[in-house]
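Enquirer: Following this message is one structure expressed as structure tokens.
The values are calculated or read from the model by the stated rules, or taken from the named source; none is laboratory data. Because the structure is predicted, anything quoted here is derived from the model rather than measured. For neighbour counting, all protein chains shown are included, and Cβ atoms are generated from backbone atoms with ideal geometry for every residue, glycine included.
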Amino acid sequence: MTSNKLSIQKLFTYFKASLSSKEQDFTSGSIRKAVFMLSVPMILEMLMESIFALVDIIFVSRISVNAVATIGLTESVITLVYAVAIGLSMAATAVVARRVGEKDIKGANQAAVQVIFLGIAVSLIVSVIGIFYAKEILGLMGAEADLIAEGYGYTQILMGGNMSIMLLFLINAIFRGAGNASIAMWTLVLSNGLNIILDPIFIFGLGPVPAYGVEGAAIATTIGRGTAVIFQLGILFYGWGKLKIAARDLVIRSAVMINLIKVSIGGIGQFLIGTSSWVFLMRIMSEFGSEVLAGYTIAIRVMMFTFMPSWGMSNAAATLVGQNLGAGKPDRAEKSVWITGKYNAIFMVIVSIVYLVFAHEILEWFSAEPEVVKYGALCLQVIAAGYVFYAYGMVVIQSFNGAGDTKTPTYINFFCFWLFQIPLAYVLAITLELGPLGVFLAIVLAEALIAIIGIILFKKGKWKDVKV
């Protein structure tokens, strides 16, 4: 009994420490403690990110089915922005973690600045496209005329303000690489708090604020994220961590930027492949009508709530790999991956059971439309059946990225998504007339294949020799 009490006290101590703003060195000591200390704030961070999606759906579902479908179509396109943001963030985490492991804080600061410059440049291009071609984008995604008329403003605002998405991802990746995952978490607590408060105000109107409908969700989200970015920049310039950017650092350093671009190309490539496949899947789903599309959109948003914690543990593995390789401890880096993968699998199996049993009840929280509930629940149940594969697949793929080996996951994604998932989804859904079920089955089988191939290649150990 005393032993259990001491264990609980120690766990609580670790939990409090993991949420503090103090940066940690994870190149020595207990690996399990390191996994816990990194995973807790990263899981909470990812949960905060997924709350954005759920909150928007909860409020927007009260407007119309078209409004929900608009969010689904826009998000499938905006994931291309996420692809670039996440690809660059992989490079940021890998390079910053490696420099921190090498005790080169100046180099870590320089990498942070160049990542931010790159993010601003890319987001400006996306903003122009989103503002001027929102209707065309929705049309290409198969949206009907009435949906475009109702929802194009949402697309304009969300894509026009994509810089807040881009910088939020990148600066949080910098904090994670430095071993300060808690700051990344607290920035999302701030942005989510604002989003929850502002969503109903801008969607339904309050006092002098008119009811913007679905556009209000985009306005609230952009304000919330933008405020969080200002908070992040304040910490980077005036904060208390190892990384502290000064005015003299705000110059373009071509050598550092080229190195970051080289590392990020693979990361951007792998997520462009993954997210573009998502666009194709949404295009196939649009063939079955707005109700099916809305159910699919809600189900994916719900699943993101559990994918994000899993992604948080995967990010913890990436940081551990980067810092330990920088410290010259590849065996410790590898052991960290397998321990994290086991914990992730346990979590995902528990979640899959919940989805398999309560899928219909969960969907009914978001919609009263029978067809929306039917296909959303089917999506939850089929995809949840493969969660154990996702658990190991996410951790292994992120570990390659944490080592700076972004090419291997790119090849894996290209084969599993473009050459396997998309053709299979089309054949099952359209040719064999399985409908939405065909798309769901293709998703599960592709993710299982990613996990199997990823584990085989990871065990070969070539990632240990990558230089960044």
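Enquirer: Restricting the search to segment 264-295, which residues are β-branched (Val, Ile, Thr), over 18 Å from VAL77 (Cα atoms) and surrounded by fewer than 21 Cβ atoms within 10 Å (Cβ to Cβ)? Walk me through how you get there before you give the answer.
Expert: Kept after step one, since they are β-branched (Val, Ile, Thr), are these residues of segment 264-295: 265, 268, 273, 275, 279, 284, 292.
Checking which are over 18 Å from VAL77 (Cα atoms) leaves us with 265, 292.
Selection gives ILE265 alone.
Enquirer: In addition: Is it true that ALA294 is part of a helix (DSSP H, G or I), among the aliphatic types (A, V, I, L, M) and without any contact (Cβ under 8 Å) to a residue 12 or more places away in the chain? Let's see the steps before the verdict.
Expert: Working: part of a helix (DSSP H, G or I): yes; among the aliphatic types (A, V, I, L, M): yes; without any contact (Cβ under 8 Å) to a residue 12 or more places away in the chain: no.
So ALA294 does not fit the description; no.
Enquirer: Is it true that ILE261 is within 30 Å of LEU38 (Cα to Cα), within 21 Å of the chain's Cα centre (by Cα), modelled with pLDDT under 85 and surrounded by fewer than 17 Cβ atoms within 10 Å (Cβ to Cβ)? Full working, then the answer.
Expert: Details: within 30 Å of LEU38 (Cα to Cα): yes; within 21 Å of the chain's Cα centre (by Cα): yes; modelled with pLDDT under 85: no; surrounded by fewer than 17 Cβ atoms within 10 Å (Cβ to Cβ): yes.
No; evaluated as a whole, the condition is false for this residue.
Enquirer: Separate question: ALA112 passes all but one of (1) modelled with pLDDT of 85 or more; (2) farther than 21 Å from ILE265 by Cα; which number fails?
Expert: ALA112 satisfies all of (1) modelled with pLDDT of 85 or more; (2) farther than 21 Å from ILE265 by Cα except (2).
Enquirer: Say we look at segment 414-454 and pick out the residues that are of a type outside the set (A, V, I, L, M, F, W, C) and part of a helix (DSSP H, G or I); which of these is farthest from GLY274 (Cα to Cα)? Break it down stepwise before answering.
Expert: Initial filter on segment 414-454 (of a type outside the set (A, V, I, L, M, F, W, C)): 421, 423, 426, 431, 433, 435-436, 438, 447, 454.
Add one more test, that the residue is part of a helix (DSSP H, G or I), and what stays is 421, 423, 426, 431, 436, 438, 447, 454.
Details: GLN421: 10, PRO423: 14, TYR426: 16, THR431: 23, PRO436: 19, GLY438: 18, GLU447: 11, GLY454: 15 Å.
By that ranking, first place goes to THR431.
Enquirer: So which residues in segment 184-217 are within 30 Å of VAL35 (Cα to Cα), surrounded by 17 or more Cβ atoms within 10 Å (Cβ to Cβ), hydrophobic (A, V, I, L, M, F, W, C) and touching an Asp or Glu at 6+ places or on another chain (Cβ under 9 Å), if there are any at all?
Expert: Passing the criteria: ALA184, MET185, TRP186, LEU188.
Enquirer: Find the residue count for segment 379-413, including only residues that are closer than 15 Å to VAL95 by Cα and either under 16 Å from the mean Cα position of the chain (by Cα) or not in a helix (DSSP H, G or I) (or both).
Expert: Count: 8.
Enquirer: Which one of these is among the hydrophobic types (A, V, I, L, M, F, W, C), closer than 28 Å to MET282 by Cα, crowded, with 24+ Cβ neighbours inside 10 Å and touching a helix residue (DSSP H, G or I) at 6+ places or on another chain (Cβ under 9 Å): LEU140, LEU167, LEU88, LEU147? I'd like the intermediate steps shown before the answer.
Expert: Values: LEU140 fails: crowded, with 24+ Cβ neighbours inside 10 Å; LEU167 fails: crowded, with 24+ Cβ neighbours inside 10 Å; LEU147 fails: crowded, with 24+ Cβ neighbours inside 10 Å.
None of the other options fit; the residue is LEU88.
Enquirer: Next up: GLY376 fails exactly one of the following numbered conditions: (1) under 22 Å from the mean Cα position of the chain (by Cα); (2) closer than 22 Å to ILE43 by Cβ. What is the number of that condition?
Expert: (2)
Enquirer: Same structure again: Tell me which residues, restricted to segment 218-228, are buried (at least 24 other Cβ atoms within 10 Å of the Cβ), over 18 Å from ILE148 (Cβ atoms) and of a type in the set (Gly, Ala, Ser). Lay out the reasoning, then the answer.
Expert: Start the filter on segment 218-228 by keeping residues that are buried (at least 24 other Cβ atoms within 10 Å of the Cβ), which leaves 218, 220-221, 224-225, 228.
Next, from what is left, pick out any that are over 18 Å from ILE148 (Cβ atoms): 220-221, 224-225, 228.
ALA220, GLY224, ALA228 - these are the residues of segment 218-228 that are buried (at least 24 other Cβ atoms within 10 Å of the Cβ), over 18 Å from ILE148 (Cβ atoms) and of a type in the set (Gly, Ala, Ser).
To keep it simple, each residue is scored yes or no on (1) among the charged types (D, E, K, R); (2) more than 12 Å from the chain's Cα centre (by Cα); (3) under 23 Å from PHE415 (Cβ atoms); (4) at pLDDT 85 or above.
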position	(1), (2), (3), (4)
GLN270	no, yes, yes, no
PHE280	no, yes, yes, yes
GLY295	no, yes, no, yes
TRP311	no, no, yes, no
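Enquirer: Got at least one residue in segment 239-254 being closer than 29 Å to PHE400 by Cβ, under 20 Å from the mean Cα position of the chain (by Cα) and surrounded by fewer than 20 Cβ atoms within 10 Å (Cβ to Cβ)?
Expert: Of all residues in segment 239-254, those closer than 29 Å to PHE400 by Cβ come to 241-243, 245, 252-254.
Going one step further and asking which of them are under 20 Å from the mean Cα position of the chain (by Cα), we end up with none.
Checked segment 239-254: no residue is closer than 29 Å to PHE400 by Cβ, under 20 Å from the mean Cα position of the chain (by Cα) and surrounded by fewer than 20 Cβ atoms within 10 Å (Cβ to Cβ).
Enquirer: Continuing with the same structure: Note down all Cβ pairs under 6 Å where the first residue falls in segment 402-426 and is within 16 Å of LEU325 (Cβ to Cβ), the second is aromatic (Phe, Trp, Tyr) and buried (at least 18 other Cβ atoms within 10 Å of the Cβ), and they're at least six residues apart or on different chains.
Expert: Filtered contacts from segment 402-426: ALA403/TRP463; ASP405/TRP463; THR408/PHE400.
Enquirer: In the set SER7, SER30, SER61, which member is out of contact with any helix residue (DSSP H, G or I) (no Cβ under 7 Å at 6 or more places or on another chain), modelled with pLDDT of 75 or more and polar (S, T, N, Q)? Lay out the reasoning, then the answer.
Expert: Details: SER7 fails: modelled with pLDDT of 75 or more; SER61 fails: out of contact with any helix residue (DSSP H, G or I) (no Cβ under 7 Å at 6 or more places or on another chain).
Residue meeting the stated conditions: SER30.
Enquirer: Further question on the same structure: Do you know which residues across segment 305-344 are buried (at least 20 other Cβ atoms within 10 Å of the Cβ) and aliphatic (A, V, I, L, M)?
Expert: Result: MET308, MET313, ALA316, ALA317, ALA318, LEU320, VAL321, LEU325, ALA333, VAL337.
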